[in-house]
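Each value in this text was obtained by applying a stated rule to the coordinates, not by laboratory testing. A quick note: this is a predicted structure, and the numbers were derived from the prediction, not measured. Don't worry about glycine lacking a Cβ; one is built from the backbone with ideal geometry, like all the others, and counts go over all protein chains shown.
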There are 2 protein chains.
Amino acid sequence: MKLGSRTTKQKRVILEILQNTDTHPTADWVYQEARQILPDISLGTVYRNLNLLRDLGKIQELNYGSGQSRYDGNPVNHYHFVCEKCKKVLDLDLSVVVDLDEEIREKYGFQVFNHRLEFYGLCKTCQEDD
Amino acid sequence: MKLGSRTTKQKRVILEILQNTDTHPTADWVYQEARQILPDISLGTVYRNLNLLRDLGKIQELNYGSGQSRYDGNPVNHYHFVCEKCKKVLDLDLSVVVDLDEEIREKYGFQVFNHRLEFYGLCKTCQEDD
DNA sequence: TTTATACTGAAATTAATAATCATTATTATT
DNA sequence: AATAATAATGATTATTAATTTCAGTATAAA
């Protein structure tokens, strides 16, 4: 038996929470949500499973600035917009630019696994009320 | 008088250290370097000035994963490659794709200030010794 | 239906960063 | 130059997010 091989209700609930939101929540938000379903779940278990699910490639961990990590239930690469005022992270429907990976491979000889692209600015609602 | 208005030797040394390296160092590395020149400088002062210089737009703070922040003495936008094995952060000489900002502005109505693009993989030396 | 061990909750621990505060140094004003 | 106002400092403490520990529990293989 190896790490991450057993299905537990905690693991299942955490993954479901992430797959049913597009808010790219923090570990603590996931914890609060999980408690609604499993009142005795601990924050440590949430962190443990978030790391596990990330390592298994089922979710993505996002980092913007030096704040806490955010988690994305969509494991497929896509880009994000981060509002600098309300701090919301929004999914962008842009075609992923794969040719850049190739350009770097050729130009520098690096092996490129993936890339991340994020945009920073003000979302629609935050532009209005300023 | 307002915050960040006075020139101190600590501030000058920290900025010079960052401008004379391309290693995108952590706060602690900057601290160790600064102590060679100013033995009594404190880590708190290093953090304070890094935040200040970032807010003044003279340096950039970089975040890859949930580890510690890295700092870039080049305030102009450019892209990075992060080696997942040796953790080195390398500058890339790619033309900045400004048209993407415009595309998002049009498509979503967001005001875009800037964007970040980073590539993850294995650098040349880490590809060899695996 | 026993056995091996992955996973858990609770608590303690770590690591990075920020805040506090009395003192010092810088700049503006006399 | 001397003085005054206050930004910045070093030293220390506090905060925060995240990880680790550990005895007990639950999962799944035998």
Averaged over peptide A:78-91, how many Cβ atoms belonging to another chain are found within 10 Å of each residue's Cβ?
-> 1
To the nearest 20 debye, segment A:77-130 has a Cα-centred charge dipole, built from +1 on Lys and Arg Cβ and -1 on Asp and Glu Cβ, of 200 debye
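What is the dipole size for chain A, taken about its Cα centre, with +1 at each Lys and Arg Cβ and -1 at each Asp and Glu Cβ, in debye to the nearest 20?
For chain A, the charge dipole is close to 840 debye.
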Taking B:LYS107 as the anchor, which lysines have their alpha carbon closer than 24 Å to its alpha carbon, excluding any fewer than eight residues away along the same chain?
-> A:LYS85, A:LYS87, A:LYS88, A:LYS124
Inter-copy distances for A:CYS86, nm, shortest first, label points 7 Å along Cα→Cβ, are 4.4
Using a label position 7 Å from Cα in the Cα→Cβ direction, what is the ascending list of nm distances from B:ARG105 to the same site in the other copies?
-> 3.4
Could you please report the charge total around A:LEU94, scoring K, R as +1 and D, E as -1 over all other residues with beta-carbon less than 10 angstrom from its beta-carbon?
-> -2
Distances from A:PRO75 to the same residue in each other copy, label points 7 Å out along Cα→Cβ, in nm, shortest first?
-> 4.2
Per its Cα gyration tensor (rounded if a/c is under 1.5, else prolate when a/b beats b/c, else oblate), the protein assembly as shown is best filed as rounded
Rank these for me by crowding, B:ILE37, A:ILE59, going from fewest to most other beta carbons within 10 Å.
-> B:ILE37, A:ILE59
Between segment A:8-43 and segment A:54-115, how many Å separate their Cα centres?
-> 22 Å
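Considering Cα pairs under 8 angstrom that are at least six residues apart, work out the relative contact order of segment B:1-75 and quote it in whole percent.
Once normalised by length, the contact order is 35 percent.
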Can you give the % of DSSP beta bridges in chain B that are antiparallel, to the nearest 5?
-> 65 percent
Would you tally the net charge around B:VAL13, using a Cβ to Cβ cut-off of less than 11 Å, leaving B:VAL13 out, and scoring K and R as +1, D and E as -1?
-> +2
The farthest towards the positive end of the charge dipole of segment B:18-130, of the residues B:GLN32, B:VAL89, B:VAL112, given +1 on Cβ of Lys and Arg and -1 on Cβ of Asp and Glu, is B:GLN32
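Report the charge-dipole magnitude of segment B:1-52 in Debye, nearest 20, computed about the Cα centre from +1 at each Lys and Arg Cβ and -1 at each Asp and Glu Cβ.
It comes to approximately 380 debye.
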Mean ellipticity per residue at 222 nm, deg cm²/dmol - from DSSP H runs of n ≥ 4 across chain B, formula -39500 (n - 2.57) = -11500 deg cm²/dmol
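Expressed as a rounded percentage, what relative contact order does chain A have, with Cα pairs under 8 Å and six or more residues apart? Mind dumping the intermediate values first?
Values: 149 pairs, mean separation 26.8, N = 130.
Relative contact order of chain A: 21 percent.
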Can you put B:TYR71, A:TYR31 in order, fewest other beta carbons within 10 Å first?
-> A:TYR31, B:TYR71
Note down the net charge around B:GLU61, summing +1 for each Lys or Arg and -1 for each Asp or Glu among other residues with Cβ under 12 Å from its Cβ.
-> +2
Which order do B:GLU106, B:GLU61 fall in if you start with the one that has the fewest other Cβ atoms within 10 Å?
-> B:GLU106, B:GLU61
